[in-house]
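Only one structure is covered here, and it is reproduced in the block below.
A short reminder: the numbers here are calculations on the coordinates, not readings from a lab. Since we're looking at a predicted model, the values are computed, not measured. Glycine also receives a Cβ, built like all others from the backbone with ideal geometry; neighbour counts cover every protein chain displayed.
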Amino acid sequence: MTSILTNLFDGVAYGMLLFVLACGLAVTLGLMNFVNLAHGAFAMAGGYVCAVLVNQSGWPFFVALPLAFVASAAIGVVLERSLYRHLYARSHLDQVLFSVGLVFMSVAAVDYVMGSSRIFIKLPAVLEGQIDVFGVGVGRYRLMIIVICGLLTAGLQLVLARTRFGSRLRAAVDDPRAASGLGINVPQVFALTFAFGCGLAGLGGALSAEILGLDPYFPLKFMIYFLIVVTVGGSSSITGPFLASLLLGIADVAGKYYVPKMGPFVIYTLMIVILIWRPNGLFGRTATR
Amino acid sequence: MTAQADVGYQARQHGRWQWSEAAFWVLVLACVFLFPSRYLIMTEIVRLALFALSLDLILGYAGIVSLGHAAFFGVGAYCAGLLALHGIINEPVIALVVAGLAAMAVGFLTSFLVIRGADLTRLMVTLGIALLLEALAERFSNITGGTDGLQGIEMQPILGLFAFDMFGRTGLFYTLAVLFLLFLLARRVVHSPFGLSLRAIRNNPLRAAAIGIPVNRRLIAIYTLSAFYAGIAGALFTQTTALASLDVFAFERSADLMLMLVIGGTGYLYGGLIGAVVFKILQELFSTITPQYWQFWIGLVLVVMVLVGRARIHRWALFVPNLIIRQVAGRKAVVALTDNEAP
């Protein structure tokens with residue numbers, strides 16, 4: 001019984017982490033209809049920034065986390081302004097080629113600068129070990145992840161649903177022409193959103209170094225996971241991707257624990273079945289194109 | 001002349017063999033005889049060309065963007081490897097066909113998944129299938145040899161006559177012959193009414209359906225055929241290198257393949273062939289500059305190509321050939337742009 005609960009807990013933590021990593025992609029891919037396979041590269045950038053700050057410069061972990069966010073967001077905004085924005089109107093094939101090219105470049109560049117082995121981030125003592133909650137062992141680090149990611153999710157939902165920026169973004173996504181006719185600066189909204197999504201990915205990358213492992217092949221290894229979250233979750237709100245990432249996290253952890261021999265098999269089968277059953281995602285609305 | 005006859009006339013004109021095509025194949029054959037010390041790399045190029053040709057069939061003619069074409073390559077490769085390793089079918093040509101058919105079967109079964117949904121779902125499903133097969137191959141490592149791959153494959157002589165030699169001479173001629181035959185078949189297919197209907201589907205599936213083309217059945221057919229081609233390419237890989245390991249399914253293989261095809265241009269069959277040559281040359285060049293990090297430069301090529309625009313690059317590349325042709329054959333004659341890039 002306790003092992004089930006522990007697994008469930010780990011699965012939730014994993015899922016939450018995936019959500020933070022992938023929710024930026026939910027916006028670019030789901031809402032802006034841009035196939036950005038390079039999303040993992042931003043996550044990796046955040047992870048490496050955090051690792052360098054903590055391990056080499058001796059910064060505290062909790063200071064390095066926001067900086068990982070800022071660094072990835074900065075890279076994101078630069079790339080969006082210089083490269084990505086030219087490609088919004090291109091075919092999906094062009095977008096795929098472009099982002100795959102970026103992934104290859106980031107993998108080789110990080111490999112060159114940081115070496116190809118997996119790196120770890122030194123954690124503060126507070127986050128190590130487990131605490132006991134009603135007889136269920138709960139990892140402190142995972143608990144922190146759940147808290148941070150839960151807060152972020154709630155915050156995102158509020159921003160999207162309640163603030164002026166949120167309504168601008170939704171308007172810009174639904175109909176860019178009408179939105180710009182109403183005086184909304186659509187490119188600016190997109191750039192901000194893109195940067196914010198990259199920042200979140202960077203934060204996720206920093207958090208995930210402990211759980212998923214951080215090496216130069218991170219963008220390739222987890223690309224499929226991010227895509228699953230977005231395509232399975234659909235793009236009508238962030239609730240869809242959120243539920244999808246929880247489902248994915250729990251299924252993956254449970255799959256690895258109970259049927260270790262099947263490996264990632266469970267996930268891929270689940271994804272294909274869901275996509276066949278509902279091509280627009282579990283919680284998606286009918287795609288416009 | 002009625003409109004219908006006119007369309008038929010145009011299509012037949014397109015389907016005719018042109019001098020430039022004959023020249024292309026003569027050039028290929030000339031290369032084979034001119035560089036006897038480069039057999040191995042040429043074999044690799046020819047193999048890649050066949051693989052790219054198979055992607056061109058679905059991407060260039062039917063407009064299906066696939067991120068997991070390596071799946072069929074892998075099935076073909078493992079199938080040929082297992083057949084040879086366990087001595088089930090010793091004759092390479094028959095084994096080749098069997099491996100192709102196995103990949104074709106997988107292609108047929110998965111095509112039902114692929115035709116559902118739009119671009120994005122297709123990307124995901126094709127990628128998912130390749131990853132699934134990779135996971136399967138890893139899971140059943142007692143059969144596939146896991147990360148070490150199949151070892152100790154020994155190939156019997158082709159047709160019982162031509163033994164594989166260590167210089168790769170037989171391998172090259174064998175691969176080239178297969179490529180040429182399959183190219184002829186592909187050429188016939190894409191210029192047939194079937195191929196024309198595929199182009200209609202690529203350009204506008206809704207309209208194609210409205211004029212009575214059975215869209216889904218056509219897509220299934222071409223996807224299956226393309227899987228056959230990819231399976232043959234995979235089987236050739238195993239037969240000429242006597243290797244098959246997990247990386248036949250790797251995502252990088254599918255991505256490189258896409259790059260190859262895009263370099264050469266989609267939708268006129270020669271794109272994959274030319275792309276394979278250019279890709280291999282680039283790869284060799286980059287790995288002599290930075291052995292470990294050549295992927296960086298490949299990535300850069302992709303990014304630049306997309307940003308500059310594929311059509312524009314092809315126009316630049318054709319500038320000199322067009323200039324020469326105009327001198328010889330008059331002002332109007334030009335090397336055709338690939339047909340989805342023509343204005």
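Relative to the dominant Cα principal axis of chain B, helix B:39-56 is inclined by about 60°.
Net charge in the neighbourhood of A:Q130 (other residues with Cβ under 12 Å of its Cβ; Lys, Arg +1, Asp, Glu -1) is -1.
Dividing the radius of gyration of the alpha carbons in region B:191-343 by their Kirkwood radius gives 1.02 for Rg/Rh. Subtracting the Cα-Cα distance of B:R326 and B:Q18 from 0.36 nm times their residue separation leaves 109.3 nm of extension gain.
Please give the net charge around A:V266, taking every other residue with its beta carbon less than 13 angstrom from that of A:V266, where Lys and Arg add +1 and Asp and Glu add -1.
On the way: positive: A:K256, A:K261, B:R139; negative: A:D252.
Counting the neighbours of A:V266, the net charge comes to +2.
Between A:S57 and A:W277, how high is the FRET efficiency from 1/(1 + (r/R0)^6) when r is the Cβ-Cβ distance and R₀ = 60 Å? Nearest 0.05.
Values: r = 49 Å, r/R0 = 0.82.
That gives a FRET efficiency of 0.75.
Taking Lys and Arg as +1 and Asp and Glu as -1, the other residues whose beta-carbon sits under 12 Å from that of B:L181 total +2. Angle of helix B:119-139 to the longest C-alpha principal axis of chain B, folded into 0 to 90 degrees and rounded to 10: 10°. Roughly how many nanometres apart are two label points built 7 Å out from the Cα toward the Cβ at A:N185 and A:V133? Inter-label distance under the simple model: 4.3 nm. Applying a threshold of 28 Å to the alpha-carbon distances of A:K221/B:K280; A:K256/B:K280; A:K221/A:K261 flags A:K256/B:K280 as lying beyond it. In the protein assembly as shown, helical runs assigned H by DSSP with n ≥ 4 each contribute -39500 (n - 2.57); averaged across all residues and rounded to the nearest 500, the mean residue ellipticity at 222 nm is -23000 deg cm²/dmol.
Rounded if a/c is under 1.5, else prolate if a/b is larger than b/c, else oblate: which is region B:11-250, with a ≥ b ≥ c the root eigenvalues of its Cα gyration tensor? Don't skip to the end; give the middle numbers.
On the way: a/c = 2.30, a/b = 1.23, b/c = 1.86.
It is oblate, given that a/c is not under 1.5 and a/b is not larger than b/c.
Using 7 Å Cα-to-Cβ label points, what is the B:S141/A:L158 separation (nm, one decimal)? Roughly 4.9 nm, to one decimal.
In a reduced charge model with +1 at each Lys and Arg Cβ and -1 at each Asp and Glu Cβ, the protein assembly as shown shows a dipole moment near 1900 debye about its Cα centre. Return one number: the angle in degrees, 0 to 90 and rounded to the nearest 10, between the long axis of the Cα atoms of helix B:3-15 and the longest principal axis of the Cα atoms of chain B. Here the helix axis deviates by roughly 40 degrees. For chain A, the ratio of Cα radius of gyration to the globular rule of thumb 2.2 N^0.38 Å stands at 0.99.
Can you name the helices of chain A, as whole DSSP H runs, whose Cα span along the helix axis is 24 Å or more and whose Kyte-Doolittle mean is not below 1.6?
A:61-82
The GluC sites (Glu not before Pro) of region B:89-174 that DSSP puts in a loop, and whose beta carbon has at most 13 other beta carbons within 10 Å, are B:E154. For the pair region B:124-161 and region B:218-278, the centres of their Cα atoms are 16 angstrom apart. Note on chain B: with a GNM built from Cα contacts shorter than 10 Å, the maximum mean-square fluctuation among B:L176, B:L136, B:L101 falls on B:L136.
Taking loop as defined by DSSP and a crowding limit of 16 other beta carbons within 10 Å, which chymotrypsin sites (Phe, Trp or Tyr not before Pro) in region B:53-159 fit? Display every interim value, and only then the final one.
On the way: sites: B:Y61, B:F72, B:F73, B:Y78, B:F108, B:F112, B:F140; in loops: B:F140.
Passing sites in region B:53-159 are B:F140.
Restricted to Cα atoms, the protein assembly as shown shows a radius of gyration and a Dmax of 25.7, 88 angstrom. Let me make sure I get this right: for region A:63-203, a, b and c are the square roots of the gyration tensor eigenvalues over alpha carbons, sorted descending. Under 1.5 in a/c it's rounded, otherwise prolate if a/b > b/c, else oblate. Which is it? It is oblate, given that a/c is not under 1.5 and a/b is not larger than b/c.
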